[in-house]
Amino acid sequence: MRRSGAGRRGRPASRGGRGRGTQSVGSRTFENRKQGRPISKIDLFFRYIFEEDMRNLREALQTDNFSATKPFNEQGIPPLHFAVVNKRLKSLKCLVEHIDRVHSQADIDFQDDEHGQTPLMVAAEMGWVEGAKVLLENGADLTLKDEEGHTAREYGMLADSKQVLSLFDEWKKKNDIPEEVVEEDEVVFETSTQRNRRRRKELERQERSTMELATTAAQFKSCSLESEKKTVSDILNDIDERTRLGSLANWDELKLAIHELRRDLNIDRSDAKWEQENPSGFVIDPTLWSYDVLQRLQLRIPSGSLLCLPEDLGKLSNLSSLIINDNSFQYLPESIGQLHALRVLEAENNQLEELPESMRQCKRLEAVRISGNKLKSLEPLSEATDLVSLHCDRNQLEQLDLDFTRMGRLAILSATFNCIKQLPDSIGSLENLTTLQLSGNELQVLPNSIGDLKKLQTVSLDENPIRDKKILKILTKGKKPMKEFLQYVKKQRGRNKKSKSQDSDEESEVAEEED
């Protein structure tokens, strides 16, 4: 059962997913003195939701007048819908708790501006049963309809999610909801009149698109620079190329993306049922690499089917988000360095032993998640000076071999359960760092420069053989130990200098006595 027309909702990237790409819409900004660029509060707010940074998310909800329904991000997505479309369960629960705390229960059924969908409808369409359950348990209304008259259950049928449909049926039975149970084969998403109206609108839209293309071509033609000229036929050929490309695609998801000119694509071939239906094995649709308007690619493939993505990945020149979590990749292709627009990389729970040297060219990276691999070095990320969050937990790192003096935007650094024995002194230059997670390593001492991290709000050092037990005692004794922790670490700098001076004097005295 498929729903046609403009009512179909885009996938996470079209909604500003992965916590990046949001921009200020009039909010105050934090000024990064080192980089000289503003970071808006709205940008940070949506990052907190995506990163599931509960401490900062709760603080933003309490102090910045943000809520579960405002502000919208750059793509016009409310916070609650953003958490659902990115399947961020912790953030969703946090937003729901805020709704209850401020007594704004109606917000649980807030309808977006695009199609009038509630968060429950979005969860149903994505087949996200955990999110749907949280929303139902907190008062979401199953009987509401979007602007086209569709309920959450119909969206669940659209997604062919048996788990979501079962949840809805059980919930209706338990709560005696009188809504009629519509069987799947009875669902009609549009009448013949609606279908004809839609087709007329599509033709009108195509005509407008052609006129706009012609206008654009005329503008290019009048341009004084020869290199920027473009004829009408060149632009119209783009439409023909898209049609041709769609006919070559094998994956239904890719065909649909090409047809609707979507900028995001989510491919999941990890379920056992798919493997049973395709005994010949998994092959990436080669047409994917020709669809270079793609901005967000999320790919999950059968376990052990590929050791690495093909070098063709580099052809996706507009790709800004690559999400390949929970696969069996042992390495990344060198062509990843050609993705100069890449801002988000998620490659958690793979078998990566090293990062390709070409990643030095991915200088616009803002969020990197590479936890659950076998990495021993992060050095190829040295040029990613725009990094805001870095998660590299559960690897085999013995050091954080990055030049933190060039990473002034970094706010979240998580490197738990590695083999890190020493932190670089440059860590003290991370003036925007709010979260430092280092549990489960081999740290014995901390650099005194950590005392300079004035914005630090969260530190975890448990399961480390820290020599100075007072540090651990400070971190565990109260709700707000950070001020005392930073002051204590900073004081050690002076004591260490004094100790070194005394050692030097003693050595001089010994030398004089020997003379």
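Before moving on, here are some points about what is shown:
- Taking the stretch 263-397 and dividing mean pair separation by its residue count, relative contact order in percent (alpha carbons under 8 Å, at least six apart): 17
- Amide H to amide H, with H built 1.01 Å from N, R269 comes under 5 Å of R300, I301, counting only residues 5 or more places away or on other chains.
- Filter on K374/K469; K454/K491; K87/K376; K374/K470; K315/K376; K470/K491 - keep pairs with C-alpha separation over 21 Å: K374/K469; K87/K376; K374/K470; K315/K376
- The Cβ shell under 11 Å around G440 holds other residues with a net charge of -3, Lys and Arg each +1, Asp and Glu each -1.
- Long pairs among K93/K162; K70/K455; K70/K255, criterion Cα-Cα beyond 27 Å: K70/K255
- Hz values of 3J(HN,Hα) by residue in the stretch 283-299 - Karplus curve (6.51, -1.76, 1.60), Gly and Pro given as x: 9, 5, 4, x, 5, 3, 6, 8, 8, 7, 7, 4, 10, 9, 10, 10, 9
- For the stretch 62-79, Karplus couplings with θ = phi - 60° (6.51, -1.76, 1.60), whole Hz, Gly/Pro x: 7, 10, 9, 6, 8, 8, 6, 10, 8, x, 7, 7, 4, 8, x, 9, x, x
- Ascending count of other beta-carbon atoms within 10 Å, so fewest first, for Y488, Y291: Y488, Y291
- Sum of side-chain charges, E353 neighbourhood, beta-carbon under 11 Å (Lys, Arg +1; Asp, Glu -1): +1
Readers should treat all values here as calculations from the given coordinates under stated rules, not as data from a laboratory. The shown structure was predicted, so the numbers you read here are calculated from the model rather than taken from an experiment. Cβ: placed from backbone, ideal geometry, glycine included. Neighbour counts: every protein chain shown.
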